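The values are calculated or read from the model by the stated rules, or taken from the named source; none is laboratory data. Remember, predicted model here, so these are calculated numbers, not experimental data. Cβ coordinates were reconstructed from backbone atoms using ideal geometry, including for glycine residues, and neighbour counts include every protein chain displayed. We work out accessible area using only protein heavy atoms, side chains counted, and drop any ligands, DNA or RNA first. Shrake-Rupley method; radii C 1.70, N 1.55, O 1.52, S 1.80 Å.
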Amino acid sequence: MIPEPFVQELLARVDVVDVVGRYVQLRKGGANLLGLCPFHNEKSPSFTVSPTKQFYHCFGCGAHGSAISFLMEHTGASFPEAVRSLAASVGMVVPEENRSPAQRAASQRRKEEVSRHQQILDTAHAHYQRGLKASPAAISYLKQRGLSGSIAARFGLGWTGGDRRGLAAVFPHYEDPLLVESGLVIEAEDGRRYDRFRERIMFPIRNTRGNIIGFGGRLIAKGEPKYLNSPETAVFSKGRELYGLWEARAAVRTEGCVLVVEGYMDVVGLAQQGIEHAVATLGTATTPEHVQKLLRLSNKVVFSFDGDKAGRRAAWRALQVCLPLLRDDASIRFLFLPQEHDPDSYVREFGAEAFRASLAEADPLSRFMLDELASHHAMDEAEGRAACVHEAKPLLALMPAGTLRMQIEREFARLVKLTPEELAGMLEAAPETPPHAAAHDARQGEPDYAEPPGFMDMPSEGFVPAEPWENPPGEPARGAQRTQQRSRAVTPMAKRLLRLLLAHPELVDRLGDQQLEILEQGPHLILVRDLIALAHTSGARHVGALLQAADPAQELTQVLNSLSTELLEQEDLPDPWAEWNDALHRIELETIKAEQSELIAGGLRDDASRLRYQELTRRLALLNSAATR
């Protein structure tokens with residue numbers, strides 16, 4: 001583990017402009033620098049880098065973060081690798097947190113194991129590639145499928161041969177346990193060993209850094225299973241990986257879209273026809289990890305499924321996985337090809353332009369969801385519509401609060417002949433939560449932090465009204481209950497304070513006990529308190545450092561991401577401390593008035609309440625007097 005104080009010291013010494021400038025041509029644009037976004041294809045620059053606040057943001061695709069996150073997203077480096085690269089550039093040495101000798105030894109063993117796995121997979125891959133060049137039958141098969149030698153080379157395709165122990169040719173120590181652990185060799189109960197993959201075209205599976213982590217193999221003759229994947233290993237997990245992701249990364253940025261298909265041959269066949277932004281799941285149903293990875297890659301995802309019943313069932317399962325991860329700035333669509341075609345056969349028969357035309361007409365998630373729900377029921381009957389509502393409740397409950405959910409609920413209300421208000425009341429009263437939703441219900445039971453009625457409800461001059469903030473990408477709604485699903489409201493005053501702290505983290509060094517006590521009194525100020533704690537514990541003293549230190553799973557992080565974008569076009573305040581004091585002064589005034597109102601409503605029946613009312617009146621007079629000086 002790299003100590004957090006070191007990360008903050010590093011971010012204080014590196015310049016995000018220098019880091020981004022190594023990969024992106026930047027030009028001056030007011031107080032910031034502008035360039036073409038490296039994360040998606042664009043003709044006009046929407047990628048902005050702030051030298052004073054030390055972060056970047058793309059107004060086109062939403063890419064956002066610090067110097068560290070830029071290296072991770074752009075180069076595929078891991079967090080430790082990005083930190084070490086930046087540290088080396090400014091002459092810093094990365095320390096390691098104090099660990100016991102046993103922990104250090106275990107870490108070293110893990111690194112050596114991964115390195116050894118990598119060497120074994122690379123050696124096997126080279127063997128398979130040589131095998132393909134020497135196999136007329138395998139080459140003939142690929143040509144029959146319309147694949148050229150250049151495409152086979154680009155995707156690193158290979159051939160195993162039919163030898164039961166073919167890998168012994170490159171692994172003289174065939175009894176090495178790592179051959180079994182890496183998934184290349186199977187050991188029978190009687191101890192005999194043989195190659196897992198035989199008589200198969202081999203498709204290397206790479207991680208986001210381009211390293212081979214596993215293989216998929218396809219038989220070219222009759223037999224079962226037609227497709228065979230590497231088993232789960234120390235470096236490979238089918239539920240988290242996508243075939244072709246490494247090869248498609250540039251095309252996804254160019255197209256502004258990632259296409260998800262079901263097979264390796266679909267990915268390779270589409271690439272042969274110039275459609276290079278496709279990836280495939282590895283013989284498993286779509287998982288939340290898949291969707292999270294896809295949405296990090298692009299804000300437009302199109303799932304392509306066969307048009308038969310099995311294909312539509314798979315699409316419906318994928319839709320359910322997507323629901324908790326929906327965002328207002330992301331588009332998820334579903335393409336259904338004719339029943340007799342998969343993407344590979346379709347593009348070979350009709351051509352790339354016909355496939356692109358079909359792709360452009362893919363159904364949005366909302367349409368597929370509503371059409372599929374309606375197809376299950378007799379929508380011309382009251383009973384059918386009621387059953388449709390019953391089926392839809394758990395699906396709607398999975399969706400995070402936001403504009404997209406609101407739009408889908410309104411369309412569904414029209415479909416079942418209810419008003420939006422009637423549907424909302426039914427969802428609040430008794431939402432049906434599917435069993436698997438409980439796993440996503442990470443925040444169930446969390447208190448509602450909406451502010452008291454009327455408390456600070458008049459926006460300050462120059463500040464926009466309160467708005468709900470979406471749940472973090474990849475994180476489901478707060479709970480199954482609709483009332484628990486809405487995101488915590490950020491009031492105008494809380495937003496004012498958050499914006500001040502984000503732009504001027506050094507303010508936390510001047511906060512006294514009295515101001516902290518004032519902040520503790522407002523339940524609507526919990527995110528402000530969270531940000532103060534983050535700045536204190538991390539030592540972050542600019543926007544980029546705060547964004548890096550924030551936990552991606554916390555709601556505060558998403559609020560900061562949204563607010564930091566606003567800061568790009570905001571001039572620095574001449575006296576942020578005076579602005580902060582003015583905001584705290586208003587909060588205390590409103591807090592006193594709210595407590596006085598409660599005391600009056602209670603009738604001031606006892607001496608204690610009357611005494612408290614008098615104390616509050618004196619404090620109010622003192623504050624008003626100070627404000628007029």
Hits in segment 136-178 (condition: among the hydrophobic types (A, V, I, L, M, F, W, C) and more than 30 Å from ARG109 (Cβ to Cβ)):
ALA137, ALA138, ILE139, LEU142, LEU147, ILE151, ALA152, ALA153, PHE155, LEU157, TRP159
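Residues are listed down the side, and each one gets a yes or a no for (1) of a type in the set (Val, Ile, Thr); (2) part of a loop (DSSP other than H, G, I, E, B):
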| residue | (1), (2) |
| --- | --- |
| HIS536 | no, no |
| LEU546 | no, no |
| GLN558 | no, no |
| GLN570 | no, yes |
| PRO574 | no, yes |
| ILE587 | yes, no |
| GLU595 | no, no |
Hey, among the residues in segment 270-304 that are β-branched (Val, Ile, Thr) and part of a loop (DSSP other than H, G, I, E, B), which one's farthest from the chain's Cα centre (by Cα)?
ILE275
Residue ranges of helices (runs of 4 or more DSSP H) in segment 1-109 with at least 2 members more than 20 Å from LEU534 (Cβ to Cβ) and in contact (Cβ under 8 Å) with a residue 12 or more places away in the chain:
16-21, 67-75, 79-89
Checking LEU370 against (1) open to solvent by 60 Å² or more (accessible area, probe 1.4 Å); (2) more than 22 Å from VAL267 (Cα to Cα), which single condition isn't satisfied?
(1)
What number of residues in segment 236-255 are touching a helix residue (DSSP H, G or I) at 6+ places or on another chain (Cβ under 8 Å), open to solvent by less than 30 Å² (accessible area, probe 1.4 Å) and outside any helix (DSSP H, G or I)?
4
Residue within segment 594-611 that is within 23 Å of LEU527 (Cα to Cα) and either surrounded by 13 or more Cβ atoms within 10 Å (Cβ to Cβ) or of a type in the set (Val, Ile, Thr) (or both) present:
yes
Test of understanding: among HIS74, HIS117, HIS64, HIS127, which residue is crowded, with 16+ Cβ neighbours inside 10 Å and modelled with pLDDT of 90 or more?
HIS127
Is one or more of the residues making up segment 569-591 open to solvent by 60 Å² or more (accessible area, probe 1.4 Å), over 30 Å from PRO51 (Cα atoms), in contact with a Ser or Thr (Cβ under 8 Å, 6 or more places away or on another chain) and not hydrophobic (A, V, I, L, M, F, W, C)?
yes
Lone unmet requirement of (1) farther than 24 Å from GLU566 by Cα; (2) open to solvent by less than 30 Å² (accessible area, probe 1.4 Å); (3) of a type in the set (Gly, Ala, Ser) for GLY35
(1)
Residues of segment 217-230 satisfying the condition of being open to solvent by 40 Å² or more (accessible area, probe 1.4 Å) and either without any contact (Cβ under 8 Å) to a residue 40 or more places away in the chain or of a type in the set (Phe, Trp, Tyr) (or both)
ALA221, LYS222, GLU224, PRO225, LYS226, TYR227, LEU228
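Residue-wise test of (1) modelled with pLDDT under 85; (2) under 12 Å from ARG499 (Cα atoms); (3) not small (Gly, Ala, Ser).
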{"site": "GLU569", "(1), (2), (3)": "yes, no, yes"}
{"site": "ALA578", "(1), (2), (3)": "no, no, no"}
{"site": "GLU588", "(1), (2), (3)": "yes, no, yes"}
{"site": "THR591", "(1), (2), (3)": "yes, no, yes"}
{"site": "GLN596", "(1), (2), (3)": "yes, no, yes"}
{"site": "LEU599", "(1), (2), (3)": "yes, no, yes"}
{"site": "GLY603", "(1), (2), (3)": "yes, no, no"}
{"site": "ARG610", "(1), (2), (3)": "yes, no, yes"}
Residue selected from segment 160-202 under the condition in a loop (DSSP other than H, G, I, E, B) and aromatic (Phe, Trp, Tyr), by the criterion surrounded by the fewest Cβ atoms within 10 Å (Cβ to Cβ)
TYR174
Among all residue pairs at least 6 apart or on different chains, which show Cβ distances below 8 Å where the first residue, located in segment 193-216, is farther than 19 Å from GLU181 by Cβ and in the same structural domain as ALA278 (by the TED database) and the second is open to solvent by less than 50 Å² (accessible area, probe 1.4 Å) and modelled with pLDDT under 95?
none
Check segment 423-433 and report whether any residue there is under 17 Å from LEU325 (Cα atoms), surrounded by 14 or more Cβ atoms within 10 Å (Cβ to Cβ) and not assigned by the TED database to the domain that holds SER331.
yes
So which residues in segment 193-225 are basic (Lys, Arg) and either closer than 18 Å to ALA168 by Cα or under 26 Å from the mean Cα position of the chain (by Cα) (or both), if there are any at all?
ARG193, ARG196, ARG198, ARG200, ARG206, ARG209
Scanning segment 313-340 for residues that are in contact with an Asp or Glu (Cβ under 7 Å, 6 or more places away or on another chain) and part of a loop (DSSP other than H, G, I, E, B), which turns out farthest from THR284 (Cα to Cα)?
ASP328
Return the only residue of ASP342, ASP329 being modelled with pLDDT under 95 and surrounded by 17 or more Cβ atoms within 10 Å (Cβ to Cβ).
ASP342
